[in-house]
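Reviewing the structure listed below.
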Amino acid sequence: MNGLREGLEAILRISIPPAEGEPVAFFRAWLAERNLGLVPIADASSFSWPGYWIAQAGDEAVLMYGSPSGPVDGELPAAIDGGWLVAPLDVHLGIDRPYGTDAGTGTVAGLLVAPDAEAAMARLDSAEAVVGRGLAGDRYAADSGTFHGTRGYQLTVVAAEALEEAAVTWEQARRNVVTRGIDVNALA
């Protein structure tokens, strides 16, 4: 979608990388890493907000502002089909390293892969990490996972302590790396 990156850069006042793959999915994942969400607006064509938001008008994303809302620059290229507001996921956390920087020291307790999206997870003694793809033999390394083509799913990590507290097995969690003794959120 043309203009989405530029609209987000104007709202956040920071440089944002170009989308890899489908823009909305990419930017949702990129924003989530910063404790931000791209929240869909119900009935965007009549939405009125005193701040910035992004309208979808055909294949274009248009930066909107004001109440009543209008395009910041120029005119709408088409009727408004949808829209998004950028909002924090957790109002108590910032956007610059929201989960902290000190992950501590821990260990890898387990490695798991599944060859296809619905296949059972299998524990491994060792695995080959493939840059930009994930673990060899896993559905995401083969680009056949449920969230196919989406940023942030190539390798998933979970704390064994969180699984134990929730009474969830490693296989049920469907994560590639199970850790012990480290703050996995700070790793993000």
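The values are calculated or read from the model by the stated rules, or taken from the named source; none is laboratory data. None of the values given here were measured: they were computed from a predicted structure. No Cβ is skipped: glycine too gets one built from the backbone with ideal geometry, and neighbour counts run over all protein chains shown. Side chains are part of the model used for accessible areas, which takes the heavy atoms of the whole protein and leaves out ligands, DNA and RNA. Shrake-Rupley method; radii C 1.70, N 1.55, O 1.52, S 1.80 Å.
Here are the numbers:
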item: Magnitude of the charge dipole, the chain, Cβ model with Lys/Arg +1 and Asp/Glu -1, debye to 20; result: 280
item: Accessible solvent surface per residue of the chain, calculated while the other protein chains remain in place, 1.4 angstrom probe, Å²; result: 57
item: Selected from Gly82, Gly145, Gly104 as most flexible by GNM, with the chain as the system and alpha-carbon contacts under 10 Å; result: Gly104
item: Angstrom value of the Kirkwood radius, inverse mean 1/r, which spans all Cα pairs in the range 2-42; result: 10.5
item: Cα-only Debye scattering, the range 60-141: base-10 log of I(q)/I(0) at q = 0.20 Å⁻¹; result: -0.96
item: Portion, in percent, of the accessible area of the chain that falls on carbon or sulfur, probe 1.4 Å; result: 53
item: Measure of compaction for the chain (Cα Rg per 2.2 N^0.38 Å); result: 1.23
item: Whole-angstrom gap from the range 1-73 to the range 121-188, using each part's C-alpha centre; result: 30
item: Stretchable slack from Ala119 to Glu33, in nm (0.36 nm times residue separation minus alpha-carbon distance); result: 28.2 nm
item: Descending semi-axes in whole angstrom, ellipsoid equivalent of the range 16-60, from the Cα gyration tensor; result: 21, 14, 9
item: GluC sites (Glu not before Pro) restricted to DSSP loop in the range 109-188 with at most 13 other C-beta within 10 Å; result: Glu118, Glu128
item: When the convex hull of its Cα atoms is projected in every direction, mean area for the range 129-188 (nm²); result: 4.4
